[in-house]
Amino acid sequence: MIGRVLKDQSGRVGVAARPPIAAAHLRQDTWWALPVTVVVMLGAFIVYSTWAALQNAHYFVPPYLSPFYSPCISATCLHLTLGWGLPDVRLPIIGILSPAFLILWGPGLFRLTCYYYRKAYYRSFWLAPAACAVRDAKAGYTGETRSPLIVQNLHRYAWYVAVIFIVFLTWDALLAFRFPAPGGGHRFGLGIGTLVMWINVVLLAAYTFSCHSCRHVCGGHVDSFSRAPVRYKLWRLVSRLNEHHPLFAWLSLFAVGLTDLYIRLVSMGLIRDLRMF
Amino acid sequence: MATFTLQVFRGDATGGGFKDYRVDAEDGMVVLDLVHRIQATQAPDLACRWNCKAGKCGSCSAEVNGKPQLMCMTRMNLFEPGSTISIAPLRTFPIIRDLVTDVSYNYEKAKSVPPLRLRPPDADGKYRMWQEDIDRIQEFHNCIECFLCQDVCHVIRDHDEKKKAFAGPRLFIKIAGLDMHPLDNRDRRAFVKDSAGIGLCNITKCCTEVCPEHIHITDNGIIPMKERMADEFFDPVVWLLRKFRGQKATRTA
Amino acid sequence: MATAEYETHEHDVLIIGAGGAGLRAAIEAAAQGVSVGLVCKSLLGKAHTVMAEGGIAAALGNVWPEDTWQVHFRDTMRGGKMLNNWRMAQLHAQEAPDRVLELERWGALFDRTKDGLILQRDFGGHRYARLAHVGDRTGLEMIRTLQYHAIHQGIDVYMECKIERLIKDGDRVAGAFGYWRNTGKFVLFKAKAVVIATGGIGKAWKFTSNSWEYTGDGHSLALWAGADLIDMEFVQFHPTGMVWPPSVRGILVTEGVRGDGGTLKNSKGERFMFKYIPEFFRSETADTEAEADRWYEDKKNNRRTPDLLPRDEVARAINSELKAGRGSPHGGVFLDINTRRPADYVRKRLPSMYHQFKELADVDITREPMEVGPTCHYVMGGVRVDADTTAGTVKGLFAAGESAGGMHGSNRLGGNSLSDLLVFGRRAGLYAALYAKDFGGQLTVSSAEVESLARESLEPFSRSGGENPYAVQAALQDVMQNLVGLIRNQTELQDALVKIEGLKERANKVRVEGGRAYNPGWHTALDLRSLLTVAECSARAALERRESRGGHTREDYPQLDPEWAKVNVVLRLKNGSITGSREPLPQMPDDLRKLFEDRQ
């Protein structure tokens, strides 16, 4: 049993008066700059991605497929990620709603429950807190202990889904070397779009595999690393990536948006894709 | 040499406010030196905690220009010469006087953490651990208990009523250090969820930002503990299996 | 009188001081089933132990199987220039390994060897790599481990409480009187046994690695209660303290820097330590740079570098270099680890030194040398205790750690302090508890005495004299720094004693402003009493000992004197004044004496 320890300062827990300072904060620096930046950036991405998803057009220009619309698994898609004898999925919803909405929930959920993005939007949108030592905007607070936010604890499952998307996007990026030949058929090639899609998938993979849940699954749950050398190596690798998780989160966000934009502009004929060979 | 105006909080629970002191700073001085100078020359009864003056004991925590930091590690050359600098006590804890607060919350919480429970030793009676086993926890052991992370944590800073249910970042890395200890065989997942209130943390990382020891409190301590808790309580696969087998979640022994 | 009101707490064992020794004592006493009170001036876990850097010396034999307690014992005695209490040194060397392993079982994480055992590092004066450590923050690990172990043992901890006086009933200790720093209210602890574990006296000097707490409280409490102090002339000036910027002057630079490959150089770039190898250590010290360099890699076939001579030798050598005008720009010498070791190694092994220099001095020690110079660090002297039981010369009084004397002789080896705290902290807790259990009688405390102490403590509020407590403290620090420093002589010591008398007068006129709640001015005023007492003790003992030995160097008596090797200077209070006498040292039995003949 715990003894009668620490009679020192009357053992008060959260009852006695705080320092009588009224100001919500005493910071003199531009603490608001960061949350404002995050709101602008995230807001811009959400607006653009929603708009792009609603278009249901200009997401495919052979051999490039926008990541917003990948995997294309419906027969009504402009492009089939799974062709070759696999059954076409015919969903009645396609045609009414853009297929992007069937897809974006996956990566969307991964980002929504991501430990880094949680920090970003709890601070910038929730203002809980907007910056360190700045008072929370709202009085009540339950953190992630109740529905709906308790669902954040399922981040690991969103990660599993995100890994599947990395597989598809890698496949798309491989297909981006497969240009339609003038006389029919295909031939190997490399365009700016190919590079764009590869940069996108590499950054997305960096973001996905630097995830905190990934780190835990790979080895974080182990107490005695000396008895689990392989998981230790894996954990070390993911830990190193994890240090840059916020950076990857932003870079991959830009990458996925810009990749869509690039393909969209090429598809619309507003710019021309440059072929190296 | 430069002269600064220090606005120091003077007062106690019954009232108080910021009082201005003009102080000279010499080369290499830190905020704590200036506070000492005020004590020695202008206000001998100015209350302030300190011990080592080298960033090792974590006593001189305060809020300088609104940011929680150690006064002994905040150099004056960070500020514009002639500028005005506010020094307030830790605002999350009850005030005793001036810059001194009652930090017993942290000590009370510490008592509730289930201590190390040793696994049996190796066959020859010795305990062996390798550097790779302990690197991760040695980081947490760097904690100097300055309680800046506790002070800045909005869960208790802005929601006083949560003090009962929430242990705070300092204790989360303490718990993590025990849970990941290679010699320990106690399960603290139920404790960290139900008694320490880790679910209240919304990982906004201010604890990590203010840590003078640069411990990655959130990334290496809190999030791994949230993940360990998820293993036990939020893993639908495990949950289904348990339902199927009629088992209950394991409890802290 | 309302102001003299006080609250009362009762315990079997009262422990004053919650550093390594106090905490370890509390844990042991609680294990004996007695009621334990632990009083500390600061918050729990902030005691000076937290600043110990290098490690805990213990002959675990994990790195060098040849290392045994006998070797450790021999190193300790030789480091103390044979003035140590041999029995304490023996117990210390024998029990340190168990105490370290015990810490590990309580959760401490020491750096590891390749075999999964506790890694040990080289330190000055230790024949083998012997210091169990955690980077350069071993003290933090130790105090945190003890603290978190202790809070589950049912010990009552009284934080930010300062003890002013021990209370006696007849010839026995019966408790202690003090005040809460938070409120200024008085408190009486009734106890059958009191353990003094208050640390040192370093705040009497200007340039010191010690914190404000080191005002010699325990030394003074014991002396005032009628106990003997010994060896107070021996004050260790650590050779490497920071010298720049001025506001951090004196802050410690761990000996671990040298243990891990750092070398001392003067402004000409010379490794000057080779010029200062004393006869006493010549046979075991490298005399060429080549051999010293080889020693880092091959310790079997080479002798150790003179950079790792005991602290007193190195401090004196640095002092001589400074006097000869070969110092660094800010008045120190250079300590260079960046030429021998890569940056990663330095950051891993010496993280807090890296941090400390980077943040406080804008110096990157992985690229440039540090500037260092001697700083007051440790007092070897303290309460005269029985080696086995740590009992002082007053019944019911026990002492351990820096506040106890005898263990380290005239000079302490680095790393022997943390092990001292553990070994004798445990013994103090154990024997104090046993004493309390055995004691059948009743102790009474006179409330008149307590009230008079309370009124005395409040005097500074109502005095008409205009002395500022901080000014008196600063003046004392100047006196001790200039006149009772690393190198002493008769004239200066006599001058110091005169000046200390003058400062006592001034201390009696100190006036403080404000109220009683957390008033540092008042606290400083009260601390002056113990600070002046220990300053006088140190100066008086230094004047008495007419030779140079370990942490006591006399210009006018520069040699070791074999006659002085046989006696301690004992201080005690007689009719209100401190008097010194020479008393014979306990004699070592022959089997231990042989250890010093075996090897040259």
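The values are calculated or read from the model by the stated rules, or taken from the named source; none is laboratory data. This is a predicted model, so every value here is computed, not measured. Cβ: placed from backbone, ideal geometry, glycine included. Neighbour counts: every protein chain shown.
Here are the numbers for this structure:
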item: The one condition in (1) under 24 Å from the mean Cα position of the chain (by Cα); (2) of a type in the set (Val, Ile, Thr); (3) buried (at least 20 other Cβ atoms within 10 Å of the Cβ) that C:Ile337 fails to fulfil; result: (1)
item: Some residue of the stretch C:513-521 being out of contact with any Pro (no Cβ under 6 Å at 6 or more places or on another chain) and either more than 14 Å from chain B (Cβ to nearest Cβ) or not in a loop (DSSP other than H, G, I, E, B) (or both); result: yes
item: Criterion (closer than 27 Å to C:Asp307 by Cα, touching a residue at least 40 places away in the same chain (Cβ under 8 Å), touching a helix residue (DSSP H, G or I) at 6+ places or on another chain (Cβ under 7 Å) and not assigned by TED's automatic domain parsing to the domain that holds C:Ala292) met by exactly one of C:Gly107, C:Gly124, C:Gly154; result: C:Gly124
item: Residue under evaluation C:Leu571, criteria (1) buried (at least 21 other Cβ atoms within 10 Å of the Cβ); (2) outside any strand (DSSP E or B), criterion not met; result: (2)
item: Given (1) buried (at least 22 other Cβ atoms within 10 Å of the Cβ); (2) more than 27 Å from C:Gly199 (Cα to Cα); (3) at the interface with another protein chain (Cβ under 7 Å from one of its Cβ atoms); (4) out of contact with any strand residue (DSSP E or B) (no Cβ under 6 Å at 6 or more places or on another chain), number of the condition B:Ser59 does not satisfy; result: (2)
item: Residue match in the stretch C:535-548 (condition: farther than 30 Å from C:Trp564 by Cα and either within 14 Å of chain B (Cβ to nearest Cβ) or crowded, with 24+ Cβ neighbours inside 10 Å (or both)); result: no
item: Residue within the stretch B:74-94 that is closer than 22 Å to C:Pro245 by Cβ, at the interface with chain C (Cβ under 9 Å from one of its Cβ atoms), in contact with a helix residue (DSSP H, G or I) (Cβ under 6 Å, 6 or more places away or on another chain) and crowded, with 21+ Cβ neighbours inside 10 Å present; result: no
item: B:Arg117, sole failed condition from (1) of a type in the set (D, E, K, R); (2) facing another protein chain (nearest Cβ under 8 Å); (3) within 25 Å of B:Asp231 (Cα to Cα); result: (2)
item: Condition broken by A:Phe179, with the remaining ones in (1) in contact (Cβ under 8 Å) with a residue 60 or more places away in the chain; (2) in contact with a Pro (Cβ under 8 Å, 6 or more places away or on another chain); (3) within 30 Å of B:Ala62 (Cα to Cα) satisfied; result: (3)
item: Subset of the stretch A:129-155 [among the β-branched types (Val, Ile, Thr) and under 21 Å from B:Arg228 (Cβ atoms)]; result: A:Thr145, A:Ile150, A:Val151
item: Total residues in the stretch A:95-146, condition part of a loop (DSSP other than H, G, I, E, B) and in contact (Cβ under 8 Å) with a residue 60 or more places away in the chain; result: 9
item: Residues satisfying the stated conditions in the stretch B:209-219, i.e. surrounded by fewer than 22 Cβ atoms within 10 Å (Cβ to Cβ) and either touching a Phe, Trp or Tyr at 6+ places or on another chain (Cβ under 9 Å) or assigned to a helix (DSSP H, G or I) (or both); result: B:Glu209, B:Asp219
item: Enumeration of residues in the stretch C:149-208 that are small (Gly, Ala, Ser), in a loop (DSSP other than H, G, I, E, B) and within 12 Å of chain A (Cβ to nearest Cβ); result: C:Gly154
item: Any hit, the stretch C:437-444, residues being surrounded by fewer than 19 Cβ atoms within 10 Å (Cβ to Cβ) and within 14 Å of chain B (Cβ to nearest Cβ); result: no
item: Flag if B:Gly66 is more than 9 Å from chain A (Cβ to nearest Cβ) and either closer than 30 Å to C:Lys185 by Cα or surrounded by fewer than 24 Cβ atoms within 10 Å (Cβ to Cβ) (or both); result: no
item: The stretch B:11-33, residues that are part of a strand (DSSP E or B), at the interface with chain C (Cβ under 10 Å from one of its Cβ atoms) and either in contact with a Gly (Cβ under 7 Å, 6 or more places away or on another chain) or not β-branched (Val, Ile, Thr) (or both); result: B:Asp12, B:Ala25
item: Subset of the stretch C:117-131 (residues that are away from chain B (no Cβ under 13 Å), buried (at least 24 other Cβ atoms within 10 Å of the Cβ) and of a type in the set (A, V, I, L, M)); result: C:Leu131
item: Qualifying residue in the stretch C:83-95 (condition: more than 9 Å from chain B (Cβ to nearest Cβ), in contact with a strand residue (DSSP E or B) (Cβ under 7 Å, 6 or more places away or on another chain) and farther than 30 Å from C:Ala176 by Cβ); result: yes
item: The one condition in (1) touching a strand residue (DSSP E or B) at 6+ places or on another chain (Cβ under 8 Å); (2) away from chain B (no Cβ under 14 Å); (3) not in a helix (DSSP H, G or I) that A:Asp223 fails to fulfil; result: (2)
item: Number of the exception - B:Arg37 against (1) more than 20 Å from B:Asn142 (Cβ to Cβ); (2) facing another protein chain (nearest Cβ under 7 Å); result: (2)
item: Exclusive hit being crowded, with 24+ Cβ neighbours inside 10 Å and either modelled with pLDDT of 95 or more or not in a loop (DSSP other than H, G, I, E, B) (or both), set C:Met88, C:Met82; result: C:Met88
item: Subset of the stretch B:157-216 that is aromatic (Phe, Trp, Tyr) and closer than 23 Å to B:Gln69 by Cβ - its residue that is farthest from the other protein chains (Cβ to nearest Cβ); result: B:Phe172
item: Residue match in the stretch C:112-125 (condition: in contact with a Pro (Cβ under 9 Å, 6 or more places away or on another chain), farther than 18 Å from C:Arg426 by Cβ, outside any helix (DSSP H, G or I) and among the acidic types (Asp, Glu)); result: no
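To keep it simple, each residue is scored yes or no on (1) assigned to a loop (DSSP other than H, G, I, E, B); (2) within 15 Å of C:Ala197 (Cβ to Cβ); (3) of a type outside the set (Asp, Glu); (4) within 14 Å of chain B (Cβ to nearest Cβ).
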| site | (1), (2), (3), (4) |
| --- | --- |
| C:Val346 | no, no, yes, no |
| C:His355 | no, no, yes, yes |
| C:Asp420 | no, yes, no, no |
| C:Val423 | no, yes, yes, no |
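Condition check ((1) touching a residue at least 60 places away in the same chain (Cβ under 8 Å); (2) in the same structural domain as B:Trp130 (by TED's automatic domain parsing); (3) hydroxyl-bearing (Ser, Thr, Tyr)) across all residues:
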{"position": "B:Ala190", "(1), (2), (3)": "yes, yes, no"}
{"position": "B:Ser195", "(1), (2), (3)": "yes, yes, yes"}
{"position": "B:Gly199", "(1), (2), (3)": "no, yes, no"}
{"position": "B:Gly221", "(1), (2), (3)": "yes, yes, no"}
{"position": "B:Met225", "(1), (2), (3)": "no, yes, no"}
{"position": "B:Arg228", "(1), (2), (3)": "no, yes, no"}
